[in-house]
Amino acid sequence: MENIPVLHLDQFLLSKGNGVYVNDLRQHLHDHHNMISLPHKHDFYLNVLFTKGSGIHEIDFNSYSVGPGSFFVLTPGQMHHWKLSDDVQGYVFSHSKEFYLLRDNQFELDRFPFFYSNQNTPEVKLEAKTLTYLVKICQSMLEEYHDEKNHKSLRIHALITLVYVALTRAYSPSSNKVEGISRYGSTIKTFEQLVEAQFHYRKSPAEYAELLNVSLKHLNRICNQVLGVSVSNVITGRVLLESKRLLMSKDLSIAEIANELGYTDYSYFSRLFKKHTGQTPHEFRKGYMV
């Protein structure tokens, strides 16, 4: 039912192919303006480094200020768009999950903190020294992408890994809410995966606790300790995010959206939405579409 554009990696690859795309940011914005100017999603990992300029980058309805040293890492399925100054510069690179794992099947991408949990922010603010380092790596990656040398994909993969390691070291502790190495990190990760797969029809916190084979009291304790919110808040937050995404479609009525999300009572869905956002679904749609 959703009609937010989902962009595929092969729409950017032209003849380069092979599951990875690298470009100068200004050239990327020029070449693909028609595809990326409106809110959209991807089915691949997207990385953007800003070295000059300013603006706003909105990711899943959270706004981030753009400036030199801003780095954004997006996972497949996240919705985003931006409003950027005319002097913006930087680098962009994207890759499929398969591109990365085919060359390193011992290290899952979600072991990097920015990919580990959707509770962790997609923004990394770089200090001057790290920015200089990553600019050199991204420039090498861009040059490698346009060359046709032996082991091209292998070297690009290695450069991407260097970027991810540097970002991990620069990642703010306050951004890294869920850590894989923490006591409860794996429980939160599994809980998030269950919510992602079942939030359309499963809203009860007790049901998720049962699926995890823990008491609801214990699961609430974990969520509050790690995320600062309750189990119910995590479930409702995912429902509201999907609500906002669906409201971007003018073709769907509010009742259809409520039904898509598992609410047969349209008025209950509207009350829930307003309680947590301060707006009715209609007000949100009207304000966002202006």
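Six or more apart or on different chains, Cβ atoms under 8 Å: show the pairs whose first residue is in the range 122-144 and small (G, A, S) and whose second is not in a helix (DSSP H, G or I).
A128/G69
Yes or no, residue by residue, for (1) crowded, with 16+ Cβ neighbours inside 10 Å; (2) in a helix (DSSP H, G or I):
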{"position": "T121", "(1), (2)": "yes, no"}
{"position": "C138", "(1), (2)": "yes, yes"}
{"position": "M141", "(1), (2)": "yes, yes"}
{"position": "Y145", "(1), (2)": "yes, yes"}
{"position": "N150", "(1), (2)": "no, no"}
{"position": "R155", "(1), (2)": "yes, yes"}
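Report, by residue number, each residue of the range 89-110 that is modelled with pLDDT of 85 or more and part of a loop (DSSP other than H, G, I, E, B).
S96
I need the full set of residues from the range 38-93 which are free of Cβ contacts under 8 Å to residues at least 40 places away in the same chain, farther than 19 Å from E127 by Cβ and touching an Asp or Glu at 6+ places or on another chain (Cβ under 6 Å), in order please.
P76 - this is the single residue of the range 38-93 that is free of Cβ contacts under 8 Å to residues at least 40 places away in the same chain, farther than 19 Å from E127 by Cβ and touching an Asp or Glu at 6+ places or on another chain (Cβ under 6 Å).
Is it fair to say V226 is hydrophobic (A, V, I, L, M, F, W, C), under 23 Å from S117 (Cβ atoms) and touching a Gly at 6+ places or on another chain (Cβ under 8 Å)?
On the way: hydrophobic (A, V, I, L, M, F, W, C): yes; under 23 Å from S117 (Cβ atoms): yes; touching a Gly at 6+ places or on another chain (Cβ under 8 Å): yes.
In short, yes.
The values are calculated or read from the model by the stated rules, or taken from the named source; none is laboratory data. Since this is a predicted model, take the numbers as computed values, not measurements. Heads up, the Cβs are rebuilt from the backbone with ideal geometry, glycines too, and the neighbour counts pull from every protein chain shown.
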